[in-house]
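Each remark here refers to the structure printed beneath this line.
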Amino acid sequence: MAEIPPLHQEVVLEFPYKHSTGPVIGRFLAGLKEQKKIWGQRVRGQGVVVPPLGYSELDGSAGDEWVEVQPTGTVTAVAVVHEPIEGLHPFTTPFAFVLVRLDGADTALAHVVKDDVARLRVGTRVEAVWAPDDQRQGTIRDIACFRIVAT
Amino acid sequence: MKRPVAVVGVGQTRHASRRADVSIAELVREAVDRALLDAGLEHRDIDAVVVGKAPDQLEGVMQPEQFLAGALGAHLKPLIRVHTAGSVGASTAITGVTHVASGLFERVLAVAFEKQSEGNAMWALSPKMPFTAPLVAGAGGFFAPYCRAYIARTGAPPHIGPTIAANARANAARNDYAHLREPMTVEDVTNSPVLWDPIRYLETCPSSDGACALVLASEETARKGPRRPAWVKSAASYAEAMWVPGRDQVNPLAGRVCAKHVYERAGIRDPWREIQTAEIYVPFSWFEAMWLENLGFCDVGQGWRVVDRGEQRFGAHLPINPSGGVLCTNPIGASGMLRLGEAALQVMGRAGDHQVDGVKNALGHAYGGGAQYFAMWVVSTER
């Protein structure tokens, strides 16, 4: 057989899924969209879990009372992205992935900080920046990002 | 097996075309909670967890076993995921069996689920690999030619498929958990539109949201349990390569080998006489006749005659799928485990209104991929 170079083939995977959020995550997301409030849930042996799961990951018991946590919190981990990839990352300018333990919560929330990332450290105080009223859709990005609290 | 293994708990969700009332984690917990309650155990009593589901493209959630670890009660325990396409629920249960049989674990939780409403199975199950035609035929388009080949080989009359479908629905009417329970006649089925010749709409499994969980345990645990266990006499799974020349998808070799394996290990010489009921994986009507032959319940070419004589009906010689089976309830990843779990319920004597009288041995069976993966167990009232 004659020598022929092998080909490449591009495959694009795309499909619109529709997830049922259920009563627990559903209520958390509705709180972001409708109330600009962040709700957690007290869970036996775990304190206040945000976002709430509805059950204890330690023993499977059902979640307990709902607790509103604060839109302010403390960074527990940070990774700065100096060269964002357009179309993939949430911002086109340098930003940071952070874990934030919100005031009143016992778990850390994964999110992003858009500005002033050179000043971010573990322990930095941050606050939620809400998406405008007409842009909140009931997703975690209804909190558009976090920003460093002015001191 | 290295040591005896028993099914001590069976749990399943209410199945429906769309369980919008729950998230995936909550759906899984519904089955897990019921299985643990059934076994009289709690999360802390479980030593290891095995989870299975169909490909991630069904719900579009990557590595669901990761975010479900807590829902499965797997915190600080071994957790593995099993993946064998449509047979995965059965393979998952069998992996749980080997965990216990190995002597390393006393009580293992096996869980399988699917939330088909969140995506589209036809799209998800169609290959999107380089240099493979993306036909989006779905399972029906893939399997219909084998049904047609079966008809051509055996000369089976056209009413056999509709007869199987109507019987499945009559069975599901006795199963509180089943998804489709409305009765339908052979005529109703025959008058429904042909989707993939020879398979009509009412000869096709539904898309379901649902989950199943089993607690598998050592003999010591089983003896202490609140209820009569189902003893796993034998369990096996076999795969078949896709492109082997001479491969026969109408009567697959891997299915015959797997059946022979589980019968031999269970001491069964004549399955037609020694097994009282079977839950087998029938996503499209004709497969019931085909698998009756593949599983050795009758000679090759005779499966449709068993159906025609009504010997596989509820109350007859060998009731097939007394739960209604996959034709009435199909949360894909869980469908195989439901077959094995329903077989266990039959030998435990706790299948409710669809309990078959006098069950000593029951077969649970599933297949998946391009009729490639086979997974089966024989469960019994006796160790």
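The values are calculated or read from the model by the stated rules, or taken from the named source; none is laboratory data. Since the structure is predicted, the reported quantities are computational estimates derived from the model, not experimental observations. Using ideal geometry, Cβ is built from the backbone for each residue, glycine included, and neighbour counts are taken over all protein chains shown.
Could you check how many residues of the stretch A:14-31 are facing chain B (nearest Cβ under 7 Å), surrounded by 16 or more Cβ atoms within 10 Å (Cβ to Cβ) and touching an Asp or Glu at 6+ places or on another chain (Cβ under 8 Å)? Spell out how you get there, then give the answer.
Filtering the stretch A:14-31 for residues facing chain B (nearest Cβ under 7 Å) gives A:15, A:17-22, A:25.
Cutting the leftovers down to surrounded by 16 or more Cβ atoms within 10 Å (Cβ to Cβ) gives us A:19-22, A:25.
Remaining after also requiring touching an Asp or Glu at 6+ places or on another chain (Cβ under 8 Å): A:19-20, A:22.
Summing the residues that are facing chain B (nearest Cβ under 7 Å), surrounded by 16 or more Cβ atoms within 10 Å (Cβ to Cβ) and touching an Asp or Glu at 6+ places or on another chain (Cβ under 8 Å) in the stretch A:14-31 gives 3.
Across the stretch B:349-358, what is the number of residues that are within 16 Å of residue B:325 (Cβ to Cβ) and either of a type in the set (A, V, I, L, M) or assigned to a loop (DSSP other than H, G, I, E, B) (or both)? Before you say what the answer is, go through the steps one by one.
Quick first cut of the stretch B:349-358, residues within 16 Å of residue B:325 (Cβ to Cβ) only: B:351-356.
Now narrow it down to the ones that are either of a type in the set (A, V, I, L, M) or assigned to a loop (DSSP other than H, G, I, E, B) (or both): B:351, B:355-356.
Within the stretch B:349-358, residues that are within 16 Å of residue B:325 (Cβ to Cβ) and either of a type in the set (A, V, I, L, M) or assigned to a loop (DSSP other than H, G, I, E, B) (or both) number 3.
Inside the stretch A:103-125, can you point out the residues that are over 12 Å from the mean Cα position of the chain (by Cα) and closer than 19 Å to residue A:89 by Cβ?
A:114, A:115, A:116, A:117, A:118, A:120
Tell me yes or no: at least one residue of the stretch B:76-89 is within 12 Å of chain A (Cβ to nearest Cβ), surrounded by fewer than 24 Cβ atoms within 10 Å (Cβ to Cβ) and assigned to a loop (DSSP other than H, G, I, E, B).
Checked the stretch B:76-89: at least one residue is within 12 Å of chain A (Cβ to nearest Cβ), surrounded by fewer than 24 Cβ atoms within 10 Å (Cβ to Cβ) and assigned to a loop (DSSP other than H, G, I, E, B).
Taking the stretch B:108-125 on its own, how many of its residues are part of a strand (DSSP E or B) and either away from chain A (no Cβ under 11 Å) or at pLDDT below 95 (or both)?
Residues that pass the stated criteria total 6.
Conditions tested, residue by residue: (1) outside any loop (DSSP other than H, G, I, E, B); (2) modelled with pLDDT under 95.
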| residue | (1), (2) |
| --- | --- |
| B:1 | no, yes |
| B:7 | yes, no |
| B:10 | yes, no |
| B:19 | no, no |
| B:26 | yes, no |
| B:29 | yes, no |
| B:35 | yes, no |
| B:49 | yes, no |
| B:62 | no, yes |
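Using the structure shown, decide if residue A:41 is within 22 Å of residue A:142 (Cβ to Cβ) and either at the interface with another protein chain (Cβ under 10 Å from one of its Cβ atoms) or surrounded by fewer than 19 Cβ atoms within 10 Å (Cβ to Cβ) (or both).
Working: within 22 Å of residue A:142 (Cβ to Cβ): yes; either at the interface with another protein chain (Cβ under 10 Å from one of its Cβ atoms) or surrounded by fewer than 19 Cβ atoms within 10 Å (Cβ to Cβ) (or both): no.
Spelling it out, it is not the case that residue A:41 is within 22 Å of residue A:142 (Cβ to Cβ) and either at the interface with another protein chain (Cβ under 10 Å from one of its Cβ atoms) or surrounded by fewer than 19 Cβ atoms within 10 Å (Cβ to Cβ) (or both).
Results for (1) touching a Phe, Trp or Tyr at 6+ places or on another chain (Cβ under 8 Å); (2) buried (at least 19 other Cβ atoms within 10 Å of the Cβ), shown as yes or no for each residue.
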position	(1), (2)
B:6	yes, yes
B:44	no, no
B:99	yes, yes
B:123	yes, no
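Those residues that are among the acidic types (Asp, Glu), within 12 Å of chain A (Cβ to nearest Cβ) and in contact with an Asp or Glu (Cβ under 9 Å, 6 or more places away or on another chain), I need them from the stretch B:1-47; list them, please. Step through it out loud before you land on a result.
Going residue by residue through the stretch B:1-47, those that are among the acidic types (Asp, Glu) are B:21, B:26, B:30, B:33, B:38, B:42, B:45, B:47.
Filter once more, so that each one left must be within 12 Å of chain A (Cβ to nearest Cβ): B:21, B:26, B:30, B:33, B:42, B:45.
Residues satisfying the conditions are B:42, B:45.
Determine which member of the set A:86, A:68, A:57, A:34 is in a loop (DSSP other than H, G, I, E, B), more than 10 Å from chain B (Cβ to nearest Cβ) and either touching a His at 6+ places or on another chain (Cβ under 7 Å) or not aliphatic (A, V, I, L, M) (or both).
Details: A:68 fails: in a loop (DSSP other than H, G, I, E, B); A:57 fails: more than 10 Å from chain B (Cβ to nearest Cβ); A:34 fails: in a loop (DSSP other than H, G, I, E, B).
On inspection, the qualifying residue turns out to be A:86.
Would a scan of the stretch B:279-297 turn up a residue that is within 15 Å of residue B:380 (Cβ to Cβ), surrounded by 19 or more Cβ atoms within 10 Å (Cβ to Cβ) and touching a His at 6+ places or on another chain (Cβ under 9 Å)? Reasoning before the result, please.
If we filter the stretch B:279-297 for residues that are within 15 Å of residue B:380 (Cβ to Cβ), which is where we start, we get B:279.
Imposing the further condition that a residue be surrounded by 19 or more Cβ atoms within 10 Å (Cβ to Cβ) reduces the set to B:279.
Checking which are touching a His at 6+ places or on another chain (Cβ under 9 Å) leaves us with B:279.
Yes, because at least one residue in the stretch B:279-297 is within 15 Å of residue B:380 (Cβ to Cβ), surrounded by 19 or more Cβ atoms within 10 Å (Cβ to Cβ) and touching a His at 6+ places or on another chain (Cβ under 9 Å).
Quick one: which helices (runs of 4 or more DSSP H) lie wholly within the stretch B:161-271 and hold at least 1 residues that are surrounded by 24 or more Cβ atoms within 10 Å (Cβ to Cβ)?
Filter on the stretch B:161-271 gives B:219-224, B:253-266.
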